[in-house]
Amino acid sequence: MPGVYLYKQFPITFTAAILNNPIEYIHGVSTQRGDMLRKELEIFTFNDLLNYFPLRHVDKTKVDKIAELTYNTEYAQVSGRITDMETLGEKRGKRLIAHLLDDSGEEIELVWFQGINWIQKALQVGQQYVVFGKLSFFMNKPQIAHPEVETFSTEKATGKSFLEPIYSSTEKLKARGLNGRAIGKFTYALLQLITERDLPENLPGAVIQKYKFISRFEAYRHIHFPATEKHYQHAVRRLKFEELFFAQLRLGLIKSARHRFSRGLVFDKVGDLFNSFYTKYLPFELTGAQKRVLKEIRKDAGSGKQMNRLLQGDVGSGKTIVALMMMLIAADNGFQSVMMAPTEILAQQHFNGITALLKDMPVCVKMLSGSSKAKERREVLKLSEDGSLHILIGTHAVIEDKVLFKNLGFAVIDEQHKFGVAQRAQLWKKNTIPPHVLVMTATPIPRTLALTAYGDLDYSVMDELPPGRQPINTVHRFENKRPQVMDFIKEEIANGRQAFVIYPLIEESSKMDYENLMKGYEEVKSFFPEPKYWISMVHGKMDAAQKETNMQRFVNKETQIMVSTTVIEVGVNVPNATVMVIESAEKFGLSQLHQLRGRVGRGAEKSFCILLTGAKISNDARERLKIMVATNDGFKIAEKDLEIRGPGDIEGTKQSGLLNFKLANIVHDKVILEAAREAAENILENDPDINVAENLPVKNYLHQQKGKTAWSKIS
Ligand code: ADP
Ligand code: MG
């Protein structure tokens, strides 16, 4: 079929959507290779190939001197004579080793583990070759495994500078001759086939001018085959911006659609409940940040639009009271509220704290959790349904379908920024007009992450701690200092204070962790014998009632020490506790350590956090401990955490696909992210429907991308 052949040779310059062509239409890509590219690299179309960016470029006209290669040289290209060649080893250990000597007088070792026979025939001792590959050092000698080898030619040696792209490939592809270099050839062929018209501009002219961006077409050419390093940088900068800009624009569109079109319950008055609480029962003056955030939430809740707000605040910044006061405003307006906490302990604590604060007020507060008794549960459900219940506090049990409300107006999700859209939607169903939702974070989130992963939410930041808090003194000690640490706890107890000792629980069910905890408990007990001291213990294997009893004994100061696993991690509030000892601290992540530390320093007394570790710890762990010792600022710690772990590791964001940027990295590209954010906001403010001529490129691109991305998932 000659027609088909022709078609394959000269793919469709006559259709507009050349980039949608299947990958086989590129010269040299057979059906079989096309299958491999689809399976291994998810390259289906021209467009996929175009967006398969090289890992790096190497200047292959630059020849290194072997004598000058160092441990820092990643890729090396050397030119010289092969001095000897032999096969060593047998069967799977068989390898071909050759030595190449250059005019710097040094040798490099070349190794092959595969294709040995073929290579041995192709190469000749005494001949000159140019050799390129990833450099390593073996016994202090430079070595390249499976190098690319070319016979030396003077043309090559004097050629113009050429930055060759290096693409990542897989072992399977390489075995079929589809190494990074072959992919580069396809890309090169593709770039010959497309023109400016195939990659129309997608940014507004003003943005391009402001940031002096090169055109999209140029950017794609130079990211693959840059004339110079500088061209490459320009290309990357433009394409990163583009990626972040459209992400921000989409999130902004979701948010603004909610602002403009959603219907929300209106809390338009501040009534008796709020006022009498504020004047009579609020035990302290609110901080400036608390006041500001309350105002922000009230404004939302009074606007007639549904609120979805993320409240960020450091550990101990006083988020609970803000939530409570909003729940009172909801009640003043005839609405019920629900507050959901991640653990029973925390739910119980909120219930205890809130009922205590509201004890002289006509507000009905109830608790519901997995361990509520059937009778109690029926009672609560009835009150909730007939509307006599004002505030329901609990665990996940409160958002189950069985729980019906007469008029739910406000939902608070505590200590859980991972509360996703699907879960929020479950709450929205609880009233004909969806209730307002306030999600409160467990620990601060870096701004970059908040902008990307949670960019569809409105968000408030509480960046101020209540007055009188003293910074927690954090130290790192090795385990051999445990006796001294225990002595220190004794001193604190003698002064009437209490202490936490935390053991890591990697897996809730792991037997070894549990045994460690029991051993730890016995050890603590040996330092603190009854009846002079009493110890509480809480762990995940206990039932809710046991946990609650042990927790309450500690809260009531009947016990001086709480030995626990990380069930105590979030939210727990015992202001009299001044010492937090974290055993095997190297096993915890930064935000977890910060959360645990936040269990102390909640009263007016000076508090201490002691991070105990074995003598041998990894560099990463050492770095984490150093940061913990250096700062109490949760926002700084969150930034560091993101830097160390990278955005891909942040819980809850991986599946969402929101942070799967091809080029941009929210840790390293903060500046570009902020610029993209500003540009997107600017458009949404001035041209919310994206209709102005200037923004047409943007509109067209959005339209063209519809259905190609996973964005629909989050709206
Ligand atoms: P988090 O933001 O970590 O949830 P909490 O709401 O548990 O913090 O508050 C921590 C402690 O600070 C509680 O004991 C609370 O009563 C107290 N607190 C909250 N706001 C203030 C304030 N404005 N002044 C003094 N203490 C406050
Ligand atoms: Mg809290």
Worksheet item: Near Lys299, which aspartates and glutamates are there with a Cα under 13 Å away, not counting those fewer than 8 places off in the same chain?
Response: Asp268, Asp458
Worksheet item: What are the extents of the Cα atoms of the range 473-631 along their three principal axes, listed from largest to smallest and rounded to whole Å?
Response: 41, 36, 29
Discussion item. At 1.4 Å probe size, what's the solvent-accessible area of Lys382? Round to the nearest 10 Å².
Written reply: 120 Å²
Worksheet item: Considering only DSSP states other than H, G, I, E and B, which GluC sites (Glu not before Pro) in the range 498-589 qualify as loop sites with at most 12 other Cβ atoms within 10 Å?
Response: Glu507, Glu558
Worksheet item: Taking the inverse of the average 1/r across all pairs of different Cα atoms in the chain, what Kirkwood radius in Å do you get?
Response: 30.2 Å
Worksheet item: Using the Cα gyration tensor of the range 455-543, with a ≥ b ≥ c the square roots of its eigenvalues, what is the shape: rounded (a/c below 1.5), prolate (a/b larger than b/c) or oblate (neither)?
Response: oblate
Practice prompt. Compute, for Asp386, the solvent-accessible surface of its heavy atoms (probe 1.4 Å) with the complete set of protein chains present, and express it in square angstrom to the nearest 10.
Written response: 80 Å²
Item to complete: Among DSSP beta bridges whose residues both lie in the chain, state the antiparallel percentage, nearest 5.
Response: 40 percent
Worksheet item: Quick one: how many Å² of Glu150 are accessible to a 1.4 Å probe, rounded to 10?
Response: 60 Å²
Fill in: Radius ratio Rg over Rh of the range 62-159, counting only Cα atoms, Kirkwood formula for Rh
0.95
Response to the item:
The whole-number value in µm²/s of the Stokes-Einstein translational diffusion coefficient for the range 530-614, with Rh from the Kirkwood sum over alpha carbon pairs at 20 °C and 1.002 mPa s, is 159 µm²/s
Discussion item. Report the Rg/Rh value for the range 498-559, based on alpha-carbon coordinates and the Kirkwood definition of Rh.
Written reply: 0.97
Fill in: Share of Cα-Cα pairs in the range 577-633 lying beyond 19 Å, as whole percent
24 percent
Discussion item. Report the per residue volume, in Å³, of the convex hull enclosing the C-alpha atoms of the range 97-136.
Written reply: 87 Å³
Item to complete: Would you mind pulling out the separation of the Cα centroids of the range 278-345 and the range 560-599, in Å?
Response: 26 Å
Practice prompt. Can you sort Arg92, Arg378, Arg221 by 1.4 Å-probe accessible area, starting with the largest?
Written response: Arg92, Arg378, Arg221
Worksheet item: What do you reckon, how do Ser337, Ser215 stack up by accessible area (1.4 Å probe), largest on top?
Response: Ser215, Ser337
Worksheet item: To the nearest 10 degrees, how steep is helix 696-705 against the longest Cα principal axis of the chain, on a 0 to 90 scale?
Response: 90 degrees
Worksheet, complete the sentence: Counting every C-alpha pair in the range 272-462, the percent lying more than 32 Å apart is 8 percent
Worksheet item: Per 10 Å bin from zero, what fraction in whole % of the C-alpha pairs of the range 163-311 is there, up to the bin with the longest pair?
Response: 9, 21, 19, 15, 13, 13, 7, 2
Fill in: Which listed pairs, of Lys230/Lys255; Lys60/Lys230; Lys640/Lys706; Lys60/Lys141, have C-alpha distances above 26 Å, in listed order
Lys230/Lys255; Lys640/Lys706
Worksheet item: Can you put Ser262, Ser317, Ser303 in order of accessible area, largest first, using a 1.4 Å probe?
Response: Ser303, Ser262, Ser317
Item to complete: Give the angle, between 0 and 90 degrees and rounded to the nearest 10, that separates the Cα long axis of helix 31-41 from the longest principal axis of the Cα atoms of the chain.
Response: 40 degrees
Response to the item:
Under the helix-only model (-39500 (n - 2.57) for each DSSP H run of 4 or more, divided by the residues of the chain), the mean residue ellipticity at 222 nm, to 500 deg cm²/dmol, is -12000 deg cm²/dmol
Worksheet item: Against the longest alpha carbon principal axis of the chain, how many degrees, from 0 to 90 and to the nearest 10, is the axis of helix 374-386 turned?
Response: 90 degrees
Worksheet item: Which whole-number percent gives the relative contact order of the chain, counting Cα pairs below 8 Å spaced six or more residues apart?
Response: 12 percent
Discussion item. For the range 22-82, what does the convex hull of the Cα positions come to per residue, in cubic angstrom?
Written reply: 160 Å³
Discussion item. Once you place label points 7 Å from the Cα toward the Cβ at Lys402 and Arg469, how far apart are they in nm?
Written reply: 3.8 nm
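Select from the range 21-69 those GluC sites (Glu not before Pro) which occupy a DSSP coil region and have at most 11 other Cβ atoms within 10 Å, ordered by residue number.
Within the range 21-69, the qualifying GluC sites (Glu not before Pro) (loop, at most 11 other Cβ atoms within 10 Å) are Glu42.
The values are calculated or read from the model by the stated rules, or taken from the named source; none is laboratory data. Because the structure is predicted, anything quoted here is derived from the model rather than measured. Backbone-built Cβ (ideal geometry, glycine too); neighbour counts: all protein chains shown. When the accessible area is computed, the model is the full protein with side chains, heavy atoms only, and any ligands, DNA or RNA have been set aside. Shrake-Rupley method; radii C 1.70, N 1.55, O 1.52, S 1.80 Å.
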